[in-house]
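Data first, discussion second: the structure below is written as C-alpha cells.
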Amino acid sequence: MDPATTDLSPVVAPRVVRPRAAAPPPVEVVSVPAGHPYVRHTQALPGSKPRVRVHPDPDPDDPSQVAGDRWWPPVALDPDWVRGRRFDVLHLHFGYDDRSPEQLAELCDTLEADGKPLVLTVHDLRNPHHEDAHVLDAQLDVLVPRAAAVVTLTPRAAARITERWGVVPTVLHHPHVVDLDAMPRLRAARRAAGPVAPVVGVAVKDLRLNTEPLRLLPTLARVVAEHPGARLRVTVHHTLHDRWDERATALVDWLDSWGGDEVEVVWHDRLTDEQLWAELASQHVAVLPYRFGTHSGWLEACHDVGTRVLAPSHGCYADQGADATYPADEDGVDEDGLAAALRELLAQPTDELVGLECDARAAQRTHVADTLHALYTTVLR
C-alpha cells in the first residue's frame, strides 16, 4: 500500500437529522363566555405559545358575527348553534341563569351526540342574581353529573360539590383581575405614599339582589368614627336614583341623611377599569356587603392593589383569602362581630399591602392555564 495515496483519516458516519415533531394544534374551546375578564385571565400570558384557542363570543343579535361588549344571552348555549360546529370542548362558566334544567339537559345531549366534552367551572353555589336558591340547585343537578370535568375556586366549594354530587372538582384559585402591567404601578404608588388616614369602602354599585349594605352601614359608620381621620366611603351608581323599590329608596334615604365628614357618598356612572382600580387602591379596607353568594372577583381585585377585604362568614370568601370575616347569614348580621372585625383591620398599617405581588400573580395565572390545558387534553382522550 502506498502511504502517499492512502487516506488514513477516520471514517465518520453521516449525521442523521430527524424531522422535529410538529407541535399539536391548540385545543379549540368554546368558552361561555369568552370575553369575561376571569376567562381571559385563565389563559396563557401574552407572548406564550398558545396551546388553547378560545373562540370569541358570538353576537347575540347576529351569531355569524363576533360579539362586541355584550355577550349575553350566550348563543353558545343554544343546541342548534352547537350542533355540528367545529370545536373540541365547551367550557361553561357563567350565563345560564335563565336556562331551565330541561334546556341545559338538551345542551348536554347535543354535546354528547357530537362527541364534545363539557367542562364546568362552578363559580357559584348560591346565585347572586336569584332570590330562590333552588333555581341554581336544579341547574347544577343537571350540569355537574354530565360534565366531563368540574372546576371550582376554593377547597370549601369543592368539598360541598363532592358532598352533594359525588364529584371531585379540580380547585384552581381565581386569577388576577387587575391587569398585570397596572398592578405594580398601583402597589408602588401606595408604598411611596406611606401611612395615610384609612378609608373603609363599601361598593353598592347598582344594588344587586344579594347586596344589602344597610345591614352594615350604621355599624361601620360608628366604628370609623372611633378612628380620627378615618372615613367611610360608599360608592353608588347614579342609576339607583331612578329606582323606587323599597330597598333602593331606604338606602338612598340613609345615604342622604348620613353623608358628611366621616361618611363620604360618591355617586358615579359606570367606572372604567383604571378608575375602578384607582378607587380600590385608595381604600385601606373594602367591605363586601353580600347577603348571600359564594366567591368574589371584587375580593381578588382588592388584593391585586393591596387592599384588605372584610367579607361575610357565609359562602367561600374566607377560603378565597378574605383578610377577616364578620358573622352573617342571609337573615342577619352580628353587629358586634362586624365591629370587632373592622377594628382589627383598621389597626393594621395602611402602607403594608396584602395580596400577591405581580410576579406571583403571573405565575399563578400560568399554573391555571397549564392545568386547564392538561384538563382539556385529558377529557379529549
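The values are calculated or read from the model by the stated rules, or taken from the named source; none is laboratory data. This is a predicted model, so every value here is computed, not measured. Cβ placement follows ideal geometry from the backbone for every residue including glycine, while neighbour counts extend to all protein chains displayed.
For the reader, a short list of remarks on this structure follows.
- Single unsatisfied condition, W277 versus (1) touching a residue at least 60 places away in the same chain (Cβ under 8 Å); (2) touching a strand residue (DSSP E or B) at 6+ places or on another chain (Cβ under 6 Å): (2)
- Taken together, the criteria exclude W258 from residues that are of a type outside the set (K, R), surrounded by fewer than 19 Cβ atoms within 10 Å (Cβ to Cβ) and farther than 25 Å from A347 by Cβ.
One line per residue, one yes/no per condition, for (1) of a type in the set (A, V, I, L, M); (2) in contact with a helix residue (DSSP H, G or I) (Cβ under 8 Å, 6 or more places away or on another chain); (3) more than 19 Å from P312 (Cβ to Cβ):
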site	(1), (2), (3)
L220	yes, yes, no
P228	no, no, yes
V252	yes, yes, yes
P289	no, yes, no
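- Of the strands (runs of 3 or more DSSP E) that lie entirely inside region 238-336, those containing 2 or more residues that are over 25 Å from L180 (Cα atoms) and of a type outside the set (S, T, Y) span 263-268.
- Test for L107: is it of a type in the set (A, V, I, L, M, F, W, C), over 23 Å from the mean Cα position of the chain (by Cα) and not assigned by TED's automatic domain parsing to the domain that holds R208: yes
- Test: residue in region 296-316 that is surrounded by fewer than 21 Cβ atoms within 10 Å (Cβ to Cβ), among the aliphatic types (A, V, I, L, M) and under 19 Å from the mean Cα position of the chain (by Cα): no
- Residue check, L214 of a type outside the set (V, I, T), over 14 Å from V287 (Cα atoms), in contact with a helix residue (DSSP H, G or I) (Cβ under 9 Å, 6 or more places away or on another chain) and assigned to a helix (DSSP H, G or I): no
- Any hit, region 192-199, residues being in the same structural domain as L107 (by TED's automatic domain parsing), over 26 Å from P289 (Cβ atoms) and more than 21 Å from the chain's Cα centre (by Cα): no
- Qualifying residue in region 355-374 (condition: buried (at least 16 other Cβ atoms within 10 Å of the Cβ), acidic (D, E), under 30 Å from A44 (Cβ atoms) and modelled with pLDDT of 95 or more): no
- Which numbered condition T249 fails, given (1) surrounded by 21 or more Cβ atoms within 10 Å (Cβ to Cβ); (2) under 24 Å from D331 (Cα atoms); (3) of a type outside the set (K, R): (1)
- K116 passes every criterion in (1) among the charged types (D, E, K, R); (2) surrounded by 20 or more Cβ atoms within 10 Å (Cβ to Cβ); (3) at pLDDT below 95 apart from (3).
- When restricted to residues that are closer than 16 Å to V89 by Cα, exposed (fewer than 15 other Cβ atoms within 10 Å of the Cβ) and touching a residue at least 40 places away in the same chain (Cβ under 8 Å), region 20-53 contains 0.
- Of the criteria (1) hydrophobic (A, V, I, L, M, F, W, C); (2) buried (at least 17 other Cβ atoms within 10 Å of the Cβ); (3) farther than 15 Å from H91 by Cα, which one V122 fails: (3)
- Among the residues of region 278-286, none qualifies, meaning not one is surrounded by 22 or more Cβ atoms within 10 Å (Cβ to Cβ), over 30 Å from H238 (Cα atoms) and of a type in the set (A, V, I, L, M).
- Filtered residue count, region 73-120, keeping only those that are assigned to a loop (DSSP other than H, G, I, E, B) and touching a residue at least 60 places away in the same chain (Cβ under 8 Å): 6
- Which numbered condition R187 misses (of (1) surrounded by 15 or more Cβ atoms within 10 Å (Cβ to Cβ); (2) more than 23 Å from the chain's Cα centre (by Cα); (3) assigned to a helix (DSSP H, G or I)): (2)
- Among residues of region 351-368 that are in a helix (DSSP H, G or I), those with a Cβ under 9 angstrom from a residue that is surrounded by fewer than 17 Cβ atoms within 10 Å (Cβ to Cβ) and modelled with pLDDT under 95, sequence gap 6+ or separate chain, pair up as T366/S48.
- Candidate set: region 337-350, residues that are outside any loop (DSSP other than H, G, I, E, B) and among the hydrophobic types (A, V, I, L, M, F, W, C); chosen: the one surrounded by the fewest Cβ atoms within 10 Å (Cβ to Cβ): A340
- Count of residues meeting criterion [over 19 Å from L77 (Cα atoms) and not in a loop (DSSP other than H, G, I, E, B)] in region 22-37: 2
- Inter-residue pairs, beta-carbon under 8 Å, first over 25 Å from A339 (Cβ atoms) and in region 229-254, second of a type in the set (D, E) and surrounded by 13 or more Cβ atoms within 10 Å (Cβ to Cβ), 6+ apart: H237/D206; T239/D206; L240/D206
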